[in-house]
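Input: a single structure, listed below in structure tokens.
Read-outs: derived from the displayed coordinates by stated rules, not from any lab. What you are looking at is a predicted structure, and each value in this text was computed from that prediction instead of being measured. Using ideal geometry, Cβ is built from the backbone for each residue, glycine included, and neighbour counts are taken over all protein chains shown.
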Amino acid sequence: MPELPEVETMRRGLEGLVGRRVAAVAFPRSRVRPSSVEPRPLAIARRIEGRTIAAVVRRGKRLVIELAGSTRGEPPVWLAIEPRMTGLALVADPPTREHVRLVIELVPTPARGAATRFVFWDRRGLGTIRLFDAMELEAACGMAKLGPDGLGVTADDLASRLGGSRRGVKVALLDQRAVAGIGNIYAAEILHRARIDPRTPCVRIRRDAWERIADVARALLAEAVRHEGSSLGDDTYRTADNRFGRFQRRHRVYGRAGEPCKACGTAIVRIVQAQRATFFCPSCQRRPGRAITAGCGVASRTRLP
DNA sequence: CGTTCAACCTGGGCGC
DNA sequence: TGCGCCCAGGTTGAAC
């Protein structure tokens, strides 16, 4: 589920936790798959109970809660939560009592409306919870693992990291080492607004098109953050205080197979790339050098010799 | 290097 | 109602 705009919205909803102290940590009904929680729940609890939340940051699609060094002189640690498909980071009541994976009880504060706890709820349970020290955080969420953040990505970033690739551009945009934060929804929406066919091999994309993709990506992701992300179904992504996002109303292609393109009326097509659905408008989105049909406010053009 | 497939999971929707 | 199948916002590792 959550891509950059959704995770960023969650993060903003958790900023009020900064300065709060962790009273207790619980992993209810934890069927701890070895790969989903690390280290073991008891070890995590022992290491963060009593600490103060120093910051809540985002690294790509991950939420990272920084816990200040302890009074005993232990260095800071970072709790990295990756919601994957169905994870929700909440300060409100979770959708169900089932599927609550982690509860962090906070030391009460007199401030009005202050949260009492943080809850990570994850229906499918594909999400991960990991506690890192500084070195581990860098290894797992650093530059080697994640490319530049989608909100700040530039044409230079894209051209240098993907320009030599023969992969289709839509598949390439999902590569978190190239750009961090773009997922299946926003890859489709970005390419529609940039008028690029998602199957176009990166090597065939010229400089002006990379500029368009980067400009659209930054603007679209920022717009989606302003609308607090995309909530598709009823039991889907919510903000930290349990409200739906609103950006789904502005989707132009994602999930709209067979429906008319909002720009030209042509039926939106669904294909599969790298085992994942891709939605696009076959009229508005062309491979470089191919004619673009009327209807998108773009003049036709032909391949240069 | 790139692609494909399977896995990890739960649950909604659809056809029969 | 029930069953079987397909689908889903993500990531990883193995096989080719």
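One table, with the values for the structure above:
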read-out: Residue pairs meeting the criteria (Cβ under 8 Å; at least 6 apart or on separate chains; first over 15 Å from A:D122 (Cβ atoms) and hydroxyl-bearing (S, T, Y), in the stretch A:235-253; second in a loop (DSSP other than H, G, I, E, B) and within 12 Å of DNA strand C (Cβ to nearest atom)); value: A:T239/A:E228; A:T239/A:G229; A:T239/A:G245
read-out: Residue satisfying all of: in the stretch A:77-123; touching a helix residue (DSSP H, G or I) at 6+ places or on another chain (Cβ under 9 Å) and surrounded by fewer than 16 Cβ atoms within 10 Å (Cβ to Cβ); nearest to A:A43 (Cα to Cα) among these; value: A:A114
read-out: Conditions (1) over 26 Å from A:A144 (Cα atoms); (2) in contact (Cβ under 8 Å) with a residue 12 or more places away in the chain; (3) within 14 Å of DNA strand B (Cβ to nearest atom); number of the one not met by A:D175; value: (1)
read-out: Test: residue in the stretch A:217-228 that is of a type in the set (D, E, K, R), buried (at least 21 other Cβ atoms within 10 Å of the Cβ) and within 16 Å of DNA strand B (Cβ to nearest atom); value: no
read-out: Any hit, the stretch A:155-167, residues being more than 16 Å from A:L4 (Cα to Cα), surrounded by fewer than 21 Cβ atoms within 10 Å (Cβ to Cβ), more than 13 Å from DNA strand B (Cβ to nearest atom) and basic (K, R); value: no
read-out: Number of positions in the stretch A:30-85 that are over 25 Å from A:P148 (Cα atoms), of a type outside the set (V, I, T) and without any contact (Cβ under 8 Å) to a residue 60 or more places away in the chain; value: 16
read-out: Strands (runs of 3 or more DSSP E) wholly inside the stretch A:1-104 that include at least 2 residues being under 30 Å from A:G255 (Cα atoms); value: A:53-59, A:62-67, A:77-82, A:87-90
read-out: Unique match (being within 17 Å of the chain's Cα centre (by Cα), away from DNA strand B (no atom under 16 Å from the Cβ) and not basic (K, R)) among A:L90, A:L137; value: A:L90
